[in-house]
Amino acid sequence: MSSTPPPPDRPRPLRTAAVIPAAGRGIRLGPGAPKALRVLGGTPMLIHAVRAMAASRAVSLVVVVAPPDGAPEVKHLLDEHALPERTDYLVVPGGDTRQESVGLGLDALPEDISVVLVHDAARPLVPVDTVDAVVEAVRNGAPAVVPALPLADTVKEVEPAAVAGEPEPVLSTPVRARLRAVQTPQGFDRDTLVRAHAEVALDGEGATDDAGMVERLGKPVVVVPGHEEAFKVTRPLDLVLAEAVLARRRANDGF
């Protein structure tokens, strides 16, 4: 028996989407496939990242922004792997910078998306509890939310050397208790993020942090606790650590 459709004057439920820019080459991981397509535990990192977003029941759509000439390949990749059936998937071609790629992902969102997550494909192991915490904070009224961790190391602000490897004079030592290492997914009220991409001009390689773009609008950004397993896989040593985390999950949880 089919359910009765809602009355015309009842608003449709608003949904959450995740945008995953995956158009980068990942030079620091060395030559070969784009970073997002590197294999982790026998599966491309991008698939792990997509599954991490789809693991949240709050996320009903995942938009993967592929390399400009690689959308068919990425679409085929998604089709080859088992993904949660309750989540929709969309692949769109990206731009030359991360900022352009996220903007193209935003352009592809349906009208009923009200909360947008932006997640790095190179953070394949973010736990679902972190995703849920970000979504909840946005739904509770925060225009922009970032997961972050306190720093373990003391940080120095320096005057960058003109030549790599030369000594650099220290300018200041920020108070460590006030500093956080930011992760993803970053979460946003859709209208706020769209406005940030419309008003913050592309400069050089573009913004690498969407929350920073929202800050430039004068809008508040809040932090929720991040997770140590949401680290970014950037260098070969990170791949070793990610493999170890994945192996432990599979042994303990059947992940």
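One residue stands out among those in region 77-128 that are among the β-branched types (Val, Ile, Thr) and assigned to a helix (DSSP H, G or I): the one that is nearest to the chain's Cα centre (by Cα), which is VAL102. Put simply, of THR184, THR192 the only residue that is in a loop (DSSP other than H, G, I, E, B), in contact with a strand residue (DSSP E or B) (Cβ under 7 Å, 6 or more places away or on another chain) and open to solvent by less than 20 Å² (accessible area, probe 1.4 Å) is THR184. Taking the criterion of being touching a residue at least 24 places away in the same chain (Cβ under 8 Å), more than 30 Å from ARG38 (Cα to Cα) and more than 18 Å from the chain's Cα centre (by Cα), would at least one residue in region 179-192 satisfy it? Among the residues of region 179-192, at least one is touching a residue at least 24 places away in the same chain (Cβ under 8 Å), more than 30 Å from ARG38 (Cα to Cα) and more than 18 Å from the chain's Cα centre (by Cα), which makes the answer yes. In region 226-241, the residues that are more than 14 Å from VAL126 (Cα to Cα) form Cβ pairs under 9 Å with partners that are part of a helix (DSSP H, G or I) and among the charged types (D, E, K, R), at six or more places apart or across chains, as follows: THR234/ARG28; THR234/LYS35; ARG235/ARG28; PRO236/ARG28. Count of region 210-255 residues, restricted to those that are open to solvent by less than 40 Å² (accessible area, probe 1.4 Å) and within 30 Å of ASP191 (Cβ to Cβ), is 9.
Residues that are outside any strand (DSSP E or B), over 19 Å from the mean Cα position of the chain (by Cα) and not hydroxyl-bearing (Ser, Thr, Tyr) occur in region 203-215; there is at least one. The condition (being under 22 Å from THR208 (Cβ atoms), open to solvent by less than 10 Å² (accessible area, probe 1.4 Å) and at pLDDT below 95) is satisfied by just one residue among VAL63, VAL74: VAL74. Across region 96-105, which residue is modelled with the lowest pLDDT among those that are open to solvent by 10 Å² or more (accessible area, probe 1.4 Å) and touching a strand residue (DSSP E or B) at 6+ places or on another chain (Cβ under 8 Å)? Across region 96-105, the extreme among qualifying residues is ARG98.
Taking every residue in region 151-169 that is over 23 Å from LEU179 (Cβ atoms) and open to solvent by 90 Å² or more (accessible area, probe 1.4 Å) and pairing it with any residue that is not hydrophobic (A, V, I, L, M, F, W, C) and not in a loop (DSSP other than H, G, I, E, B), at least 6 positions away or on another chain, yields no pair with a Cβ-Cβ distance below 8 Å.
The values are calculated or read from the model by the stated rules, or taken from the named source; none is laboratory data. Computed from a predicted model, the values in this text were never measured in an experiment. Please note: Cβ atoms are built from the backbone with ideal geometry, for glycine as well, and neighbour counts cover all protein chains shown. Side chains are part of the model used for accessible areas, which takes the heavy atoms of the whole protein and leaves out ligands, DNA and RNA. Shrake-Rupley method; radii C 1.70, N 1.55, O 1.52, S 1.80 Å.
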